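Report on one structure; see the data block that follows.
Read-outs: derived from the displayed coordinates by stated rules, not from any lab. Quick caveat, the model's predicted, so the values are computed rather than measured.
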Amino acid sequence: MDELKPCPFCGEEAELISYPFYTYLKPYNPETADKKYYVQCKGCATQCGALAYNIPGAAIAAWNRRK
């Protein structure tokens, strides 16, 4: 996994967050649900946009390439 860059606004550490994503095609179960990922700053709660990604690497890449 790539290392996360610090927050561009406050300079604090960021973290990768995942949550279960449910569809009507699967029964409701947090352990078997698909996962979505995003990156959020631990200091100011800035996120890598309004998108959530299907794989952790995509969320990390989006966070690290921001300007």
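Rg to Rh for the chain: what is it, with Cα atoms only and Rh by Kirkwood? If you can, show how the numbers build up before the last one.
Working: Rg = 13.2 Å, Rh = 12.6 Å.
Radius of gyration relative to Kirkwood radius: 1.05.
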GNM result for the chain, Cα springs below 10 Å: residue of Leu16, Leu25, Leu51 fluctuating most strongly: Leu25
In the chain, lysine pairs with alpha-carbon atoms under 24 angstrom apart (chain gap of 8 or more, or interchain): 8
